[in-house]
Amino acid sequence: MFIYRRKAQYHETDQMGIIHHSNYVKWMEEARIEYMDSIGLSYRDMEDMGVSSPVVGLSVDYARPVEFDDKLEIRISVAKYNGSVLELEYEFYNVTKEEICTHATSRHCFLHDDRLVSLKKELPRLDTDLRAQVDND
């Protein structure tokens with residue numbers, strides 16, 4: 001499990017004074033990019049190799065609101081990986097309020113030269129690194 005920390009910003013709130021729901025998806029992307037960097041799979045490096053990993057599915061379940069200035073931990077782990085599809089789980093923990101506020105998942109495929117690929121065949125180093133994360137989570 002990887003933990004990404006951030007603080008809720010005022011500009012992210014809505015008229016009710018809570019974080020607007022759209023920001024959670026942005027935070028998931030921030031956490032995913034940091035997570036990939038932490039395991040040596042820089043998203044920039046992947047793109048430089050011609051590989052992209054678009055979102056093909058997303059689910060967010062909101063349990064408790066997050067407010068301006070709350071400190072968060074976004075706990076990210078690999079739920080599934082089969083070489084072509086990666087599914088990540090996110091647990092949003094509000095450190096300020098000491099509670100879990102949101103659960104989410106994102107599902108990603110891998111494209112190389114705009115076609116769906118298996119990393120095991122096309123980029124075995126990336127495949128090995130991701131498989132190691134599934135074993136560790």
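Just a few scattered comments:
- The chain: angle of helix 124-136 to the longest principal axis, Cα-based, in degrees nearest 10: 50 degrees
- Per the Kirkwood formula applied to alpha carbons, the stretch 47-129 shows a radius of gyration over Rh ratio, Rg over Rh, of 1.11.
- Alpha-carbon centroids, the stretch 63-105 and the stretch 1-45: separation in whole Å: 9 Å
- Dipole in debye (nearest 20) - the chain, about Cα centre, beta carbon charges: Lys, Arg +1; Asp, Glu -1: 200 debye
- Using θ = phi - 60° and Karplus 6.51 cos²θ - 1.76 cosθ + 1.60, couplings along the stretch 81-92 (whole Hz; Gly, Pro as x): 8, 10, x, 10, 10, 10, 10, 10, 10, 10, 10, 8
- Computed 3J(HN,Hα) for the stretch 33-49, one whole-Hz value per residue from the Karplus formula 6.51 cos²θ - 1.76 cosθ + 1.60 where θ = phi - 60°, is 5, 5, 4, 4, 4, 5, 9, x, 10, 4, 4, 4, 4, 4, 5, 5, 8, glycine and proline marked x.
- Peptides 95-102, 11-18 ranked from most to least packed by the mean count of surrounding Cβ atoms within 10 Å: 95-102, 11-18.
- Accessible surface, the chain, averaged per residue in Å² (probe 1.4 Å): 56 Å²
- Estimated inter-spin distance, V25 and V60, nm [label 7 Å along Cα→Cβ]: 0.7 nm
The values are calculated or read from the model by the stated rules, or taken from the named source; none is laboratory data. This one's a predicted model, so the numbers in the text were calculated from it and none came from an experiment. Positions of Cβ are backbone-derived with ideal geometry, glycine not excepted, and every protein chain shown enters the neighbour counts. The protein model used for the area step is the full one, side chains on, heavy atoms only, and it has no ligands, DNA or RNA in it. Shrake-Rupley method; radii C 1.70, N 1.55, O 1.52, S 1.80 Å.
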